[in-house]
Amino acid sequence: AVIPVAIAGAPYEVRIKAGILAQAGRHCRPFVRKNRVAVVTDEHVAAKWRATVEASLAGEGIASQWLVLPAGEATKSWAHLAQTVDFLLGQEVERKDNVIALGGGVIGDLTGFAASMVKRGCGFIQMPTTLLAQVDSSVGGKTAINTPMGKNLVGAFHQPSLVLADPLALDTLPLRDTRAGYAEVVKYGLIDDAEFFEWCEANGEKLLAGDAQAREYAIARSVAAKARIVAQDEKETTGVRALLNLGHTFGHALEAETGFSDRLLHGEGVALGMVLAARFSARQGLMHGQDAERVVRHIGAVGLPASLRALGLDCDGRRLADHMLHDKKMDAGTLPFLLMRGIGQTFLAKDVDLGEVAAFLDEELAA
Ligand code: NAD
Ligand code: ZN
């Protein structure tokens, strides 16, 4: 599938196909000058996919220079940003050049941010290799690094020139990471596409078991949803793009409480966050309890965390609610919250009472 992303002034395509990394050379050819290209990746991805991409580029007469960074969230740092920028400058990258980000969200966010500042902004091509990166982070142009003050606090909007998503890349990804990325797939169904949520209920387990067709379909439908939302609100000014944060306010609090560690991956936090958003919506009388339980059931059925109690946190609801206050999405004293009127009917509730959220979380911690 080819999904156009209609960003004013900088439209681009997301091309999704099994085996596309092995054809990267042909797809990149029109975007590469001087028969040279710089590629940034991490050590895990390099071990599995560098040879494929390098050979494909070489097949088109394109020589590639590689920067292989350590794997992991800690790579989204000032130090690695400097290293990446210096590497790209060392490769004499010009503004009209495109550099390649081959990897998950960490490599995409870091390389995209580096590209936004090299010569005041050079082009870049995203080759996302995790499900999370394929359905979410590689599309939409948000790039960032973390600082000791928090995650994604320094960054830029910088859209890629092209995105190549290969479902076969997931064959080498640990199942836990694929599952975590799948939470973001479910998110698109819950935001505004009940029919896609039904598809997830019917096909999610197959997708996680490795079904290539299900993977390709889910990636394409998710990217189309993200493209639609981002095209309406590129820089998150009208509130439409904020819908993409469904499950993320609760999720972020859980990630903060678990120290942004391997104890709870981002997607796992989002999965449980969507469960909590659904149950809280039901508790507020906004959504039918049965619909909320459908969300709980599906998240649980695919092996994602669906119970707050099962997480075994040593804290109370107030403490989790306090983490939300520190989330950058807070606005002048009121807490904007994405809640649901039903499956596929997410909306931004403007001023949710934090005390009620804390009381709800206490119930869930004990449930
Ligand atoms: P990641 O990039 O750390 O990848 C997860 C792990 O999988 C890493 O160890 C990586 O080396 C490994 N890996 C990647 N592809 C592989 C493959 N095909 N085979 C084997 N191993 C592979 O994490 P992620 O989940 O992809 O991304 C998380 C990051 O994305 C976070 O920093 C988050 O802030 C960011 N993010 C950004 C946006 C955005 O809009 N820019 C949206 C959501 C998340
Ligand atoms: Zn997310």
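No value in this document is a laboratory result; all are computed from the given coordinates. As the structure is a prediction and not an experimental result, all values here were calculated from the model. Glycine gets a Cβ as well: all are built from the backbone with ideal geometry, and neighbour counts include every protein chain shown.
The modelled label-to-label distance for the pair residue 261/residue 310, using points 7 Å beyond Cα in the direction of Cβ, is 2.1 nm. If R0 is taken as 41 Å, the Cβ-Cβ distance between residue 350 and residue 176 corresponds to a FRET efficiency of 0.70.
Looking at the stretch 2-172, the DSSP beta bridges with both ends there are about 30 percent antiparallel.
3J(HN,Hα) along the stretch 122-130, derived from phi through the Karplus expression 6.51 cos²θ - 1.76 cosθ + 1.60 where θ = phi - 60°, amounts to 9, x, 8, 10, 8, 10, x, 10, 10 Hz, with x in place of Gly and Pro. Legend: calculated FRET efficiency, residue 211 to residue 153, from the Cβ-Cβ distance at R0 = 45 Å, rounded to 0.05, equals 0.75.
From largest to smallest, the equivalent ellipsoid semi-axes obtained for the stretch 68-118 from the alpha-carbon gyration tensor read 18, 11, 9 Å. The order of the peptides 184-195, 344-355 by mean Cβ neighbours within 10 Å, most packed first, is 184-195, 344-355. This model, with +1 at the C-beta of Lys and Arg and -1 at the C-beta of Asp and Glu, gives the chain a dipole about its Cα centre of some 1120 debye.
Give the whole-number value, in cubic angstrom per residue, of the convex hull volume spanned by the C-alpha atoms of the chain.
121 Å³
Grouping the Cα pair distances of the stretch 176-366 into 5 Å bins from zero gives a pair-distance distribution of 1, 8, 17, 22, 21, 17, 9, 3, 1, 0 percent in increasing distance order. As a length-normalised measure over Cα pairs under 8 Å and 6 or more apart, the relative contact order of the chain settles at 14 percent. Each residue of the stretch 347-356 was assigned a 3J(HN,Hα) from its phi angle through the Karplus curve 6.51 cos²θ - 1.76 cosθ + 1.60 (θ = phi - 60°); the sequence is 9, 8, 7, 6, 10, 7, 6, 5, x, 5 Hz, with glycine and proline shown as x.
Once both axes come from the Cα atoms, what is the angle between helix 105-117 and the longest principal axis of the chain, in degrees from 0 to 90, rounded to 10? Between helix and principal axis, roughly 60 degrees. Could you estimate the translational diffusion coefficient of the stretch 2-172 from the Stokes-Einstein equation, with Rh from the Kirkwood formula over C-alpha pairs, at 10 °C and 1.306 mPa s, in whole µm²/s? Roughly 102 µm²/s, to the nearest whole number.
Whole-Å semi-axes of the stretch 1-101's equivalent ellipsoid, largest first, each the root of 5 times a Cα gyration tensor eigenvalue?
Three semi-axes, in Å: 22, 17, 16.
Inter-part distance, the stretch 275-308 to the stretch 225-243, computed on C-alpha centroids, equals 25 Å. Centre-to-centre, using Cα atoms only, the stretch 1-49 and the stretch 126-164 are separated by 15 Å.
The dipole here belongs to the stretch 188-263: it is taken about the Cα centre, uses +1 on the Cβ of Lys and Arg and -1 on the Cβ of Asp and Glu, and is about 220 debye. Averaging the sequence gap over all C-alpha pairs within less than 8 Å and six or more residues apart, then dividing by the number of residues, gives the stretch 176-366 a relative contact order of 25 percent. Close amide H partners of residue 38, meaning residues 5 or more places away or on another chain with modelled amide H under 5 Å apart, are 65, 100.
The relative contact order of the stretch 2-172, computed from alpha carbon pairs under 8 Å that lie at least 6 residues apart in sequence, is 26 percent.
The simple spin-label model puts a point 7 Å past each Cα toward its Cβ; for residue 297 and residue 238 those points are separated by 3.6 nm.
By DSSP, the beta bridges lying fully in the chain are antiparallel in about 40 percent of cases.
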